[in-house]
Each structure stands twice: as structure tokens, then as C-alpha cells.
Amino acid sequence: MKIICYGVIKMEESRIENWAQKNNVEVKIVHADLCAENAELAEGFDCVSSEGNLPVDASVYEKFKQYGIKQLAIRQVGVDNQDLAAAKKNGIKITNVAAYSPRAIAELGVTDAMYLLRKIGIYQDRMAHGDFTYDESTISTEIFNCTVGIIGAGHIGGASAHLYSALGAKVLACDPVYDASLEPYLTYTDFDTILAESDIISLHTPLLASTENMIDKTAFDKMKKKPILVNVARGGLVDTQALIAALKNGQISAAALDTLADETDFYNKKDMLNSLPADYKELKAMPQVLITPHIAFFTKLAVKNSIEIALNDAKTIISGGEVKSVVNL
Ligand code: NAD
């Protein structure tokens, strides 16, 4: 059995090799993300695994079909860069890892929110200039006096609700799917109530046509408590121009962004300072904005689990078995 793994980061290499040895599977490692230009490397393999955010178009699945490949095992949750229908048309089953460690992502969101709530970035900046002062503009609020609004209470939103409720915050959530097991940690409500009543708004929906730019000018206009916006899901959920305006006019007090719309141009690349789009340069320069390079998933457990789950599912499918993780049935 032979699997080719694309988009492999340094920290994955030894873990993928260990899995391959343990499972007696031949694995080829490719560091570049899967795309039309390198799809032909998959010829001769039984299965492809990939991770990354580069858009994967129909031409890739057509090549896989020619090579007799019937599966693409994604080592991440989000499949918004895949053309699921085109893959299905070419007989390619795409699997994802629905929950490799929801806590990893939730913990970054909570850490970011606490960092911004306690104005640590502003103090860090003052300290860098030898300024030991504090004043009314940097006074904070305890988290247990905050209302946190979770938009999308799935694996990661649910884990975030656990964490915030453990810290004593009042947690609201909206999600079209009701999960009774989350009742001890949150109160279900609607999108508009979350916008109006939350001090911290945390986004955890997938990027879909129905969720793209869900936080736009209309949504910012409904935010009444100058909340902190936390986006550790996908950049495309937020209208960037509307976000900049909301930060400038004080409709929101701060924003934490682990993901940016159209980040594929600079994702995991060095020396991007000058090549960043103007709107991200503007966001980066704002003291109340915290940007991280899409690393919410980047914990030891999450990296290990994403490999094990994706490759185990790939092996099961190649061996004729069935898995629950197929996302384009
Ligand atoms: P999930 O499928 O378990 O949960 C998503 C939830 O969003 C579901 O319960 C769904 O019903 C809900 N939802 C869909 N549309 C909605 C809407 N309009 N309003 C409210 N809720 C809505 O997914 P998850 O594992 O919690 O992951 C969520 C997203 O986080 C992923 O799709 C991915 O884009 C992102 N993610 C980011 C990172 C990172 O490193 N930053 C890592 C993993 C996942």
C-alpha cells in the first residue's frame, strides 16, 4: 500500500514516518501543498493525503482518476479549499479529520480573548518603550463579568464554551444544530442576540456560502457592547473592510485573528511584511488587533491526531472498509 502526503510540515515528518512503519505502508512526503502543478506526483500511489489551504480544483481530481486513485485524506477539519462536487464527479472520496483536538483551537481563542481583555498587547508595547504607566484607557473587566457569544457550537465552539464557562463567564451560543450535551455550559439563543449582548464574540462555523462575510457591517452595527471579536475559524467569515471600520469607529474594542481571508498567498511563508495586502497591513498596525499565522491547530496532540486519524481512515478505505469521515458522499 502506498500513500503520498502533500503539505507536510517539518513537525509532521517523523510522525508520518512512524505511522507508516507501524502500519507497513509506503509513504512519500511532499512539502508543497497539493495543487494542479504537482498533482502528477501522485501517479502510482493508492491514496493521497493533504493539508493546506491552496484551492484544489477539478483538474487535480481528474488526474487522480486517471491514476486510479479513489481517495483524498485531508489531515485537517476545514475542506473549504476543496471542490467537493468535482471530487465526487471523479469518484474521489474526500475524508477530513473532524475532531483532531478541538481543545487546541478553543484554547488559542480563549488565550487571545484574555490577552485582549487584559490589554496585554498595549502594556507590552508600553514596556518596550520603558513606559510603566496604566490609565483609564487600559482598565479591564474580569472574565466572569463577561458574556461570551459562540457562533457555531460544534466541536470547537463546544470546547470553547466548556473553557469560558469554567472561567465563570456567561456563555451564549447560536447554531442551527442543537446539542443537548452542551446545555450545562451555554445557553442557546439567536445570532442577533449574540451580537447585541456579548462582550466577547467567538466564531466557530465552517466557511460556507451561507457563512461567508457573516460578520459584515450589518452585524457590526448590531454589536452593542464594544465586544472583542475572536476569529480562529476562517478569515472569510469576516468582511475585512467592515472589520477595519468597526475597529476605527469603536464599535468593537479589539480583534484576534488567527485566520485571514485569502491567506493562501502568505500562509506559512517568511518575509511577507511588505507583500501583505494593504488592509492586513492596516490591521497589523492597530494596537488592539492580535494576528497569529493560522496556528490554532498547532499543538503536539493535534498534529499527532490529525495524522493518525487521516491515515488510518485512508488505510481503511483502501482496504475496502468504510469510515464516517467522508465529506462528499
Ligand atoms: P464543526 O462542524 O464541529 O462545528 C461547526 C458548527 O457550526 C456546526 O455545529 C454547525 O452546525 C455550525 N454552523 C454552521 N453554519 C452556522 C451558522 N450560520 N450559524 C451558526 N452556526 C453554524 O466544526 P469544528 O471542528 O468546530 O470547526 C469549525 C471550523 O474551525 C472549521 O470549519 C475550520 O474552518 C476552523 N478550524 C480552524 C483551525 C485553525 O487552526 N485556526 C483549526 C481547525 C478548524
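Listing for the model above:
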| read-out | value |
| --- | --- |
| Kirkwood hydrodynamic radius of segment 94-170, from inverse mean 1/r over distinct Cα pairs, in Å | 14.3 |
| For segment 41-174: span of alpha carbons on each principal axis (Å, largest first) | 66, 36, 19 |
| For segment 296-308, Karplus couplings with θ = phi - 60° (6.51, -1.76, 1.60), whole Hz, Gly/Pro x | 4, 6, 8, 10, 4, 5, 5, 5, 4, 5, 5, 5, 4 |
| Among Val148, Val171, Val25, residue whose mean-square fluctuation peaks in a GNM of the chain (springs only between Cα atoms under 10 Å) | Val25 |
| Neighbour-count ranking [beta-carbon atoms within 10 angstrom, fewest first] of Ile156, Ile120 | Ile120, Ile156 |
| For Ser275, Ser59, Ser181, Ser49, order by how many other beta-carbon atoms lie within 10 Å, fewest first | Ser181, Ser275, Ser59, Ser49 |
| Length-normalised contact order for segment 145-242 - Cα pairs under 8 Å, 6+ apart - percent | 29 |
| Tensor-based shape of segment 196-236 (alpha-carbon gyration tensor, a/c under 1.5 rounded, otherwise prolate or oblate) | oblate |
| The chain - mean residue ellipticity at 222 nm from DSSP helices (-39,500 (n - 2.57) per run, n ≥ 4, rounded to 500) | -10000 deg cm²/dmol |
| Between segment 152-170 and segment 91-128, the Cα center-to-center distance that results, in Å | 13 |
| Sequence-separation-based contact order of segment 243-315, relative, with Cα cut under 8 Å and 6+ spacing, percent | 36 |
| Square roots of five times the Cα gyration tensor eigenvalues for segment 183-329, Å | 32, 22, 14 |
| Segment 225-282: radius of gyration and largest Cα-Cα distance (Dmax), Å | 12.0, 37 |
| Relative contact order %, the chain, counting alpha carbon pairs below 8 Å whose residues are six or more apart | 18 |
| Of Leu167, Leu257, Leu84, the one that fluctuates the most in a GNM where the chain has Cα springs shorter than 10 Å | Leu167 |
| Normalised convex hull volume, segment 161-235, alpha-carbon set, Å³ per residue | 97 |
| Sequence of His155, His129 once ranked by neighbouring C-beta atoms within 10 Å, starting from the fewest | His129, His155 |
| Part-to-part distance (alpha-carbon centres) for segment 9-65 and segment 205-275, which is given in Å | 31 |
| Spread of Cα-to-Cα distances over 10 Å intervals beginning at zero, given as percent, for segment 1-111 | 14, 46, 31, 9, 1 |
| Projected area averaged over orientations for the chain, convex hull of C-alpha atoms, nm² | 17.9 |
| Segment 1-56: radius of gyration and largest Cα-Cα distance (Dmax), Å | 11.0, 32 |
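Every read-out reported here was derived from the displayed coordinates using simple, explicitly stated rules and does not represent laboratory data. Since the model is a prediction, treat every value here as computed from it, not as a measurement. As a convention, Cβ positions derive from the backbone with ideal geometry for all residues, glycine included, and neighbour counts pool all protein chains shown.
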